[in-house]
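The values are calculated or read from the model by the stated rules, or taken from the named source; none is laboratory data. Everything numeric in this text was worked out from a predicted model, so none of it was measured. In this analysis, Cβ positions are derived from the backbone assuming ideal geometry, glycine residues included, and neighbour counts consider all displayed protein chains. For accessibility, only protein heavy atoms count, side chains too; no ligands or nucleic acids. Shrake-Rupley method; radii C 1.70, N 1.55, O 1.52, S 1.80 Å.
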Amino acid sequence: GDSVTQMEGPVTLSEEAFLTINCTYTATGYPSLFWYVQYPGEGLQLLLKATKADDKGSNKGFEATYRKETTSFHLEKGSVQVSDSAVYFCALRGTSGTYKYIFGTGTRLKVLA
Amino acid sequence: DTAVSQTPKYLVTQMGNDKSIKCEQNLGHDTMYWYKQDSKKFLKIMFSYNNKELIINETVPNRFSPKSPDKAHLNLHINSLELGDSAVYFCASSPLPSEGQYFGPGTRLTVT
């Protein structure tokens, strides 16, 4: 079945450091791919998405590129801020069966001033 | 003008009780979901409705029963609550399949 694998956290960075959170997936066909962010005590917020190979999703300085050849959708940001501290989830929506959304286990990011 | 709202935000109850969580979305989306998030942040889908029709029914105890009175509402009723039901429950809605989901603020359920 479809699955998503994220790098384990927590990830601790200093302010203005470069961020990469790895995400790989297993799915048939061309799933849609997403990154969500969850701040403490809140629900998940859609951060960015990509629906086909080589698409780049971007929002608030975050980027991720849909790589079909490596089945990856890594999240990057050039310069993180303390306010980026949160849990980040990679997810896919499959193209078969019940079209469920499958979420990764989440990666906690902590940015220090 | 909250997009996806849930009530209550916190729910503390004793084992064996029956409780309900309500969800409403004003986005005009056709599809709604219930997720359970455990203490390690793992997110598990429970149910999904599309235009009031149940389309996803994961392996959850039959003590959990969703109800969708109309396209904008999806409620979750839980019978005979157990300690293991303690978690944060999220409602979400989605427009087209490729557009992602919009989540509510969550309901933290604590069973004592």
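Couple of notes before you dig in:
- Cross-link pairs exceeding 19 Å between alpha carbons, from the set B:LYS22/B:LYS67; A:LYS52/B:LYS52; A:LYS60/A:LYS110; A:LYS49/A:LYS100; A:LYS56/A:LYS77; A:LYS49/B:LYS22: A:LYS52/B:LYS52; A:LYS49/B:LYS22.
- Principal semi-axes of the equivalent ellipsoid, √(5λ) from the alpha carbon gyration tensor of region B:1-43, are 23, 15, 10 Å from largest down.
- The equivalent ellipsoid of region B:54-112 has semi-axes of 23, 14, 11 Å, largest first, where each one is the square root of 5 times an eigenvalue of the Cα gyration tensor.
- Neighbours of B:THR13, meaning other residues whose beta-carbon lies under 10 angstrom from its beta-carbon, give a summed charge of -1 when Lys and Arg score +1 and Asp and Glu score -1.
- Solvent-accessible surface, computed for protein heavy atoms with a probe of 1.4 Å, shrinks by 50 Å² or more for the following residues of region A:73-113 when the other protein chains are added to the isolated chain: A:LYS100, A:TYR101, A:PHE103.
- In chain A, the C-alpha radius of gyration followed by the widest Cα-Cα span (Dmax) gives 13.6, 46 angstrom.
- FRET efficiency, A:TYR39 to B:PHE42 (Cβ-Cβ, R0 22 Å, nearest 0.05): 0.80
- Computed from protein heavy atoms with a 1.4 Å probe, the total accessible area buried between B and A is close to 1700 Å².
- Dividing the convex hull volume of the alpha carbon atoms of region A:41-92 by its residue count gives 87 Å³ per residue.
- Averaging the Cα positions of each part gives two centres, and for region A:1-59 and region A:81-110 these lie 5 Å apart.
- Stokes-Einstein diffusion of the protein assembly as shown at 37 °C, 0.692 mPa s viscosity, Kirkwood radius from Cα pairs, rounded to a whole number: 182 µm²/s.
- Percent carbon-and-sulfur accessible area, the protein assembly as shown, ignoring ligands, DNA and RNA, probe 1.4 Å: 49 percent
- Cβ crowding within 10 Å averaged over residues, with B:64-76, A:84-96 ranked highest first: A:84-96, B:64-76
- Remark: chain A carries 46 Å² of accessible area per residue (probe radius 1.4 Å; ligands, DNA and RNA excluded).
- Within-12-Å neighbourhood charge of B:ALA72 [Cβ basis; K, R +1; D, E -1]: 0
- Summarising the overall dimensions of chain B from its C-alpha atoms, the Rg and Dmax are 13.2, 40 angstrom.
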